[in-house]
Structures are given as C-alpha cells and as structure tokens.
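Have a look at the structure below, then the notes.
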C-alpha cells in the first residue's frame, strides 16, 4: 500500500512528462536538474548535494537541537497487526538514514515505482540524511520497525512535508512488500494524519497513481475529500480528516 507525493511549480503543466522525475519521499522538487538522464529520478531539491564551498540545505545543529528538545516520544508505541505481528512505530531519527537505504533496497520494483514514479535503484546517502532529519513539527516522519534476527529493521515510513500553502501539508508513505496486506498501511496513514493534526496541520494533499485503487479507496473512506482531479494518470487529492476521526482518542 503506497502512495506518492510530488511538488511541482505548476501541477497542470506537462504532468505526464515530469511526473516520473519529480517525486521523492514528499520532499519539494524544483525544476529538473540539467543533464539528468530520462526516466531517472534526479535528487529532490532539498537533497541535492551543495555546490563546492556551500553548505547543504540541512542544518544539522538545528536538527540536533530539535532531537534533544522536541523529539515527540508520545508518538512511540507498539502495534499489533491483524495477523498478530507486533511492530513498533516511532518518530524518525537522524541515525535512521542508513536504515532508510536498507528499506529502499528491499522494495520490489513495482513498490518503488509506485512510491517514486521513477526507477530509483539506490537511495543516495545525502537523500537519506535529509529524509531522516526533520524538525518534528513543520516536517515529520514516522517509521515502523520490526524485529529481524537480533535487531530491528524499518518496514514502513510515513511523512508529511510543507507545501506552498500555509494550511496544507503533503503526505506520503511506503510499506515494505512483505508487510503489505496486514493493515499496516491503514495504521500508518491514520497515525501520520493524527500527528499532523496535533501540530495544527488540518488540510492534506496527496498524489496517487490513478490505477492505485487501494490508496484512493483508503483516502475516500477515512477522510473528507475537498477536491480530486486526475491528469496524465496521476490523481491529486486534497482532503481533511473526518470530524469523528479528529475527535477520536487512541
């Protein structure tokens, strides 16, 4: 169960041509990188390596401050899935960057394509670092981990990112293939929306492949749709939480 997120300077312009190269983990995209190979996802704007002599867009001092002062431990909890499997959900941490790369390497070609709208064979380290570093309010990601051997591995990620509209955030998530069809996608969807609402983000946007019926049905069942349009096989949905889900307690 996967949906994509994308940011474009003009969603209605050349959507089909740009869709495959302008989506990556909910990070806003700028114009295509000059010289990029057709059909290959270029690094997202915030993940692009900084030119020589310039800093990366990520301020790791600020991230360390957020981690020490604002890590939302209240979002940590264990979950029992419908098949009895026990997993743990928690906010992402900077040290999850290599785990994001490992998760990506375990995704099937189809799952990765549904997530990125492009063939991204390997998650570059600088992308992973940016995605693992959030401020827990304006940008937030939740990871799901399960025991694997003697340790824990990431099996899913959900996140929201700011948009150019102050009251709207964009949401996206991915679940590892072997953990799909166990109810985890629905849980992760609910958790990231509740976390966003608790931080005063009440309006959401998602971009989904038009043939991804499971995701479209999930959004329709559990939210109030404000707008929906499909262009070049990509559906853009803007929605809010249903009143009863906003008020419901865990």
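Before moving on, here are some points about what is shown:
- Normalised contact order of segment 146-215, rounded percent, pairs of Cα under 8 Å and 6 or more residues apart: 30 percent
- Efficiency of FRET from Cβ geometry, residue 167 and residue 229, R₀ 25 Å, rounded to 0.05: 0.85
- Beta bridges assigned by DSSP with both partners in segment 152-250 are antiparallel in approximately 90 percent of cases.
- Sequence-distant contacts, meaning Cα pairs under 8 Å at least 6 residues apart, place the relative contact order of segment 75-158 at 32 percent.
- Each of 76, 145 has some number of other Cβ atoms within 10 Å of its Cβ, and from fewest to most they run 76, 145.
- Counting all C-alpha pairs of segment 203-247, share separated by more than 11 Å (%): 63 percent
- Size estimate for segment 91-250 follows the Kirkwood approach: the inverse of mean 1/r over distinct Cα pairs works out to 16.3 Å.
- Peptides 215-227, 121-133 ranked from most to least packed give 121-133, 215-227, packing being the mean of other C-beta atoms within 10 angstrom over each peptide's residues.
Read-outs: derived from the displayed coordinates by stated rules, not from any lab. Predicted, not measured: the structure shown is a model, and the values here were computed from it. Cβ sites come from the backbone with ideal geometry, for glycine too, and all protein chains shown count toward neighbours.
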